[in-house]
Amino acid sequence: MKFLLSVFDFFHDSTLKLIAWLLVLSSITGGILLPQPFYFSAVGLLGIMLLFKERVCFSNLFVLLLLFVCMLSLIFNQPPAYFRAWSRLGAYSLILLVISPMLFSERALILRFKLLFYFLYLSIILSVGSFFAYFLNINLFERQGEILEIGAGTFSGLMNHSMVLGPISALSAILLFSLLIIPKGIKKKPLKTIGLIAMLLFCCGACLLAASRIALVGLVVGILVTILMAYRKRLSKAFGIVFLILFIGGITYPVWGKLTTFILQKQEGNVDRGSVIYSREEKFSARLYEFKSSPIIGIGFCVADPRFTGVNKSNGRVEPGSSWLAIASMTGILGLMVFLPLCIIAAIKVWRIRDPLVSSILSGMLFFFFVHMIAEGYIYAPKSYLSLLFWLIVSSIYGISIVEKKGKVFKINLK
């Protein structure tokens with residue numbers, strides 16, 4: 001029996017596209033940013049679709065244990081009310097219930113997988129548009145009611161922050177690169193191939209203009225992993241592709257080199273202040289101090305020591321600076337003992353996915369997140385689009401693994 005994604009009718013696809021639009025318009029776009037309730041309403045609508053007609057089953061103990069550890073961290077620490085930690089945990093739990101691999105059904109897998117790609121397709125449009133927005137002097141990076149001038153770390157194009165443009169354009173580039181190099185990824189006609197290459201270059205250019213160093217490193221790692229997965233049985237060809245990319249990139253540097261100006265300026269600014277990680281150094285130190293103060297259970301879910309920067313007492317919002325360190329500082333060793341195996345198993349499972357296109361795309365994006373989470377602290381944030389994308393990727397990997405263990409074939413037709 002073949003397990004095909006083409007089983008959905010027009011209504012289901014239209015609803016998923018609406019959900020993707022709501023998520024995008026309420027989380028990453030500049031100029032038009034829908035209020036927060038639209039984000040959670042979109043997730044709720046997906047939850048209704050998951051439960052409709054087909055019964056879901058419990059399938060992943062790690063996610064449940066992670067939420068349990070998060071709850072224990074609040075019970076033992078009893079953080080100040082202004083953090084609103086319990087309400088954040090409630091929202092986070094509902095999102096993971098819908099998005100994560102905690103619940104599984106074949107229908108749920110298809111819905112999550114297709115939603116991931118609809119979100120990414122919209123991201124490609126915004127990333128390509130943001131690249132051209134730079135040359136048209138359009139910048140929707142708004143702070144305190146004012147549009148910021150284009151500069152190092154202040155260019156977001158059509159998105160609401162440079163740290164949004166960076167990862168979104170990087171993930172878009174990984175998807176486009178996978179579609180380009182997999183022989184049977186899509187039916188590639190000359191014009192379609194040229195279009196893929198052009199969009200890939202524009203997305204890479206947007207990532208450079210965003211001046212997000214960790215997004216750029218994640219993009220490079222994601223591309224390398226994609227190549228390795230696509231040609232794991234022909235490593236000589238994988239090395240050949242890497243060499244070809246480096247060669248073409250080197251000889252064309254005079255053409256695209258100016259796009260690196262912002263990221264070089266940002267790097268030089270950090271070095272002048274005393275460290276290449278100056279912008280994150282204080283937050284890294286704070287998270288390590290918090291972990292040492294409570295190594296077993298952490299200091300509490302979505303909680304940070306108010307003596308350090310990154311805590312907004314007016315709304316309880318925390319900026320950890322690193323997802324990996326946030327897990328350690330907020331939920332301690334117990335949190336790491338749950339989250340790390342979940343990620344390691346996902347990395348093993350994605351390697352075993354039979355479809356080379358699916359495995360290449362998901363592995364490239366998964367390892368992008370492994371790198372990106374070093375310097376961005378969104379993993380425990382209920383309304384983070386990056387947290388949502390990470391869990392969609394992980395749930396897709398776990399879901400496909402379950403389907404393939406049943407002897408079924410997971411196929412996808414990406415048009």
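Since every read-out is calculated from the coordinates, none of them should be taken as a lab result. Because the structure is predicted, anything quoted here is derived from the model rather than measured. All Cβ positions, even for glycine, are placed from backbone atoms using ideal geometry, and neighbour counts span all protein chains on display.
Per DSSP H run of at least 4 residues, take -39500 (n - 2.57); add these up for the chain, divide by its residues and hand me the 222 nm value, nearest 500 deg cm²/dmol.
About -22000 deg cm²/dmol.
If you project the alpha carbons of the chain onto their three principal axes, what span does each projection cover, largest first, in Å?
60, 56, 41
Using a 7 Å offset from the Cα along the Cα-to-Cβ direction at both F40 and F52, what is the distance between the two label points in nm, to one decimal?
Placing both labels 7 Å along Cα→Cβ, they lie 2.2 nm apart.
Extending each Cα 7 Å along its Cβ direction at V255 and I344, get the distance between those two points in nm, one decimal.
4.4 nm
Among I344, I400, S212, whose Cα projects farthest towards the positive end of the dipole of the chain, with charges put on the beta-carbon of Lys, Arg (+1) and Asp, Glu (-1)?
The Cα lying farthest towards the positive end belongs to I400.
Taking the Cβ of each residue in K383, K405 as the centre, tally the other Cβ atoms inside 10 Å and list the residues starting with the fewest.
K405, K383
Evaluate the relative contact order of segment 273-415 (contact order divided by residue number), counting alpha-carbon pairs under 8 angstrom at least 6 apart; express in whole percent.
23 percent
Please order L140, L45, L389 by the number of other Cβ within 10 Å, starting at the fewest.
Details: L140 21, L45 16, L389 24.
By the 10 Å Cβ count, ascending, the order reads L45, L140, L389.
On a C-alpha basis, how far is the centre of segment 295-322 from the centre of segment 64-105 in Å? Whole number, if you could?
Between the Cα centres of segment 295-322 and segment 64-105 lies a distance of 15 Å.
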